[in-house]
Amino acid sequence: MKRCVCLAVLALLAFVSLTAQAPKGWLLRADSSTAASDPDAAGAIKFVTMGTGFHATNPQAAVYWNPANKAAGNYSLKGTFKLMKPSGHTNYYGLVFGGSGLEGPKQSYLYFLVAQDGTWLIKRRDGDVATQDVSKAASAAVKKPDAGGQSTNALEVRVQPDKIEYVVNGTVVTTTPKTGLTAKTDGIYGIRVNHLLEVHVDGFGVSKGT
């Protein structure tokens, strides 16, 4: 069952100082796994400010957003995602954009994500259940976990008048037209982290395009 809750102040074991707290104004919506072969982990989702960014610990998948964070027209959405440790199988994390109705049954958004296996993924969600794959591929631009189990990937979505560019670590890995599944790019932007992951996010935000 999905839920949308305001974030309270949450501690993150050894990773957070006593002054860390949940980002003001942010909300989360969890997507609990319904697959017996791919269960969620025990425990609560935690999303806190840490340093200059955010830190997400996800026993369940979740979308994080601040309703005040909206973009329209031409813009660039960026975030640098550090995977703290890999999960037992492939799980994705990254950027959400063009969102609306995120708190209700008519939620809608696009998302551009990467995973520990070196793939990127673009999907569209419309409603509580329906998701549609737009594009997916492996790319040398996506950094896989190192010997310590960590990787850092800078993601960017460049929304232009007639197309969208999807960028990983400075490399455009694909483009889509401003039509069909990727026609709607105006709206709320945020972050998605799938279950069984711990991810730190820095440099998250939007700049106006030309």
So in segment 116-155, with the set limited to residues that are under 15 Å from the mean Cα position of the chain (by Cα) and touching a residue at least 40 places away in the same chain (Cβ under 8 Å), which one is nearest to GLY180 (Cα to Cα)?
ARG124
Report whether or not VAL159 is at pLDDT 95 or above, of a type in the set (A, V, I, L, M, F, W, C) and within 16 Å of the chain's Cα centre (by Cα).
no
Residues within segment 40-50 that are free of Cβ contacts under 8 Å to residues at least 40 places away in the same chain, surrounded by 14 or more Cβ atoms within 10 Å (Cβ to Cβ) and assigned to a loop (DSSP other than H, G, I, E, B), tallied
1
I'd like to check something: does segment 172-184 contain any residue that is assigned to a strand (DSSP E or B), crowded, with 20+ Cβ neighbours inside 10 Å and of a type outside the set (Ser, Thr, Tyr)?
yes
Do you know which of the residues in segment 86-103 that are closer than 12 Å to ASN194 by Cα and surrounded by fewer than 22 Cβ atoms within 10 Å (Cβ to Cβ) is nearest to the chain's Cα centre (by Cα)?
TYR92
Would you mind stating whether VAL201 is farther than 17 Å from ALA137 by Cα and in a strand (DSSP E or B)?
yes
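Condition check ((1) part of a strand (DSSP E or B); (2) among the aliphatic types (A, V, I, L, M); (3) buried (at least 24 other Cβ atoms within 10 Å of the Cβ)) across all residues:
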residue	(1), (2), (3)
ALA56	yes, yes, yes
GLY73	no, no, no
PHE81	yes, no, yes
MET84	yes, yes, no
PRO105	no, no, no
Residues (modelled with pLDDT under 75, more than 19 Å from HIS195 (Cβ to Cβ) and among the polar types (S, T, N, Q)) located in segment 1-56
SER17, THR19, GLN21
Looking at segment 108-128 only, could you name the residues that are modelled with pLDDT of 95 or more and in a loop (DSSP other than H, G, I, E, B)?
GLN116, ASP117, GLY118
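The values are calculated or read from the model by the stated rules, or taken from the named source; none is laboratory data. Keep in mind that this is a model prediction, so the values were computed, not measured. We place every Cβ from the backbone using ideal geometry, glycine too, and count neighbours over all the protein chains shown.
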